[in-house]
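Some notes on the structure that comes next.
The values are calculated or read from the model by the stated rules, or taken from the named source; none is laboratory data. Since we're looking at a predicted model, the values are computed, not measured. Here the Cβ is made from the backbone with ideal geometry for all residues, glycine too, and neighbour counts use every protein chain on show. When the accessible area is computed, the model is the full protein with side chains, heavy atoms only, and any ligands, DNA or RNA have been set aside. Shrake-Rupley method; radii C 1.70, N 1.55, O 1.52, S 1.80 Å.
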Amino acid sequence: SVSTDNVQQIVTQYPVEVAMTNLYTQPFSDILHTSITNEEIVLDIKVTPKGSTVFNNESVQSAEVVSSVKTNGQIITELVGVNYFTVDPLVFKGSTDNLGQYWIASQIAEIPKLAKVGESSTYVNETVYSNSTKDDKIATHTQTWSLSQASHNTAWLCIDTSENLLLDNDPNGAASNCYKINPQGDILDSKLTVTYRTESGLRTMDYVSK
């Protein structure tokens, strides 16, 4: 008979809602790397839960996200944002940042408790204003989650943010933030892909852990 002791069971379902909740309710940090014309660029990401607060006249939970871009040890840009959401179930409400921008999220689909590898769904429409008066709309985005197999018992949960839908050509491009998760929904690793248009076509920039 053939031994099955070494056959690895492939896990094809993962707790998407738990993983996304963990991302904002537990401290998380990662250092990602890419290179441009042989120069290393380092993206340092830190997520810090900040507890209960009020956003857009609603009681919410919050998490601070600090993203620092460095080269040669020097910070080139640093974006400090705060995400606002409620839990049980997880619903995104919006965010603010140190540029003064004010993001309102409209969640158009539930985040599933369990999803199968290969599944995806657009779940948030975002409207971005230049400040909290909400008089000057500067961007709209959609956010889509997707799940793909990473190993026999891990998956990549990717959150794709579209280009600014108000622009014919968004210079900032589209971003895909991916998190490697296990069957319990723990965050094990991350990577980021930014896709933007150039005169010679689409270009991608991949930031990965080392």
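Identify all residues within segment 186-200 that are at pLDDT below 95, assigned to a strand (DSSP E or B) and of a type outside the set (V, I, T); write none if there are none.
Once the filter is applied, which keeps residues that are at pLDDT below 95, assigned to a strand (DSSP E or B) and of a type outside the set (V, I, T), segment 186-200 yields Y196, R197.
Would you check if G118 is more than 23 Å from F55 (Cα to Cα), open to solvent by less than 40 Å² (accessible area, probe 1.4 Å) and in a loop (DSSP other than H, G, I, E, B)?
For G118, the condition - more than 23 Å from F55 (Cα to Cα), open to solvent by less than 40 Å² (accessible area, probe 1.4 Å) and in a loop (DSSP other than H, G, I, E, B) - is not met.
Residue under question is T37, and the condition is that it be touching a residue at least 40 places away in the same chain (Cβ under 8 Å) and either crowded, with 18+ Cβ neighbours inside 10 Å or polar (S, T, N, Q) (or both); does it hold? Lay out the reasoning, then the answer.
Numbers: touching a residue at least 40 places away in the same chain (Cβ under 8 Å): no; either crowded, with 18+ Cβ neighbours inside 10 Å or polar (S, T, N, Q) (or both): yes.
Spelling it out, it is not the case that T37 is touching a residue at least 40 places away in the same chain (Cβ under 8 Å) and either crowded, with 18+ Cβ neighbours inside 10 Å or polar (S, T, N, Q) (or both).
Going by what's in this entry, would P183 be described as open to solvent by 30 Å² or more (accessible area, probe 1.4 Å) and modelled with pLDDT under 95?
On the way: open to solvent by 30 Å² or more (accessible area, probe 1.4 Å): yes; modelled with pLDDT under 95: no.
Judged against the criteria, P183 is not a match.
Test L167 against the stated conditions and say whether it is over 28 Å from H33 (Cα atoms) and surrounded by fewer than 18 Cβ atoms within 10 Å (Cβ to Cβ). Write out each step before concluding.
Working: over 28 Å from H33 (Cα atoms): yes; surrounded by fewer than 18 Cβ atoms within 10 Å (Cβ to Cβ): yes.
Yes; evaluated as a whole, the condition is true for this residue.
Considering only segment 158-205, how many residues are closer than 27 Å to L23 by Cα, in contact with a Ser or Thr (Cβ under 9 Å, 6 or more places away or on another chain) and among the aliphatic types (A, V, I, L, M)?
The number of residues fulfilling the criteria is 9.
Might you let me know whether segment 94-115 holds any residue that is open to solvent by 30 Å² or more (accessible area, probe 1.4 Å), on the phi > 0 side of the Ramachandran plot and in contact (Cβ under 8 Å) with a residue 24 or more places away in the chain?
Scanning segment 94-115 turns up at least one residue that is open to solvent by 30 Å² or more (accessible area, probe 1.4 Å), on the phi > 0 side of the Ramachandran plot and in contact (Cβ under 8 Å) with a residue 24 or more places away in the chain.
Considering only residues of segment 133-163 that are of a type in the set (S, T, N, Q) and outside any strand (DSSP E or B), which is surrounded by the most Cβ atoms within 10 Å (Cβ to Cβ)? First the steps, then the outcome.
Within segment 133-163, the subset of a type in the set (S, T, N, Q) is 133, 140, 142-144, 146, 148-149, 151, 153-154, 161-162.
When the remaining residues are screened for being outside any strand (DSSP E or B), the result is 133, 153, 162.
Working: T133: 8, N153: 13, S162: 18.
Per the criteria, the residue is S162.
Just give me the residues in segment 30-77 being closer than 18 Å to W103 by Cα and either part of a loop (DSSP other than H, G, I, E, B) or modelled with pLDDT under 95 (or both), in sequence order.
N56, N57
Scan segment 70-90 for residues that are surrounded by 16 or more Cβ atoms within 10 Å (Cβ to Cβ) and within 17 Å of the chain's Cα centre (by Cα) and jot them down.
Looking only at segment 70-90, we keep the residues that are surrounded by 16 or more Cβ atoms within 10 Å (Cβ to Cβ), and these are 70, 81-85, 90.
Of everything in segment 70-90, those that are surrounded by 16 or more Cβ atoms within 10 Å (Cβ to Cβ) and within 17 Å of the chain's Cα centre (by Cα) turn out to be G81, V82, N83, Y84, F85, L90.
Can W145 be described as within 30 Å of Q9 (Cα to Cα) and in contact with a helix residue (DSSP H, G or I) (Cβ under 7 Å, 6 or more places away or on another chain)? Please lay out each step first, then the result.
Values: within 30 Å of Q9 (Cα to Cα): yes; in contact with a helix residue (DSSP H, G or I) (Cβ under 7 Å, 6 or more places away or on another chain): yes.
So W145 fits the description; yes.
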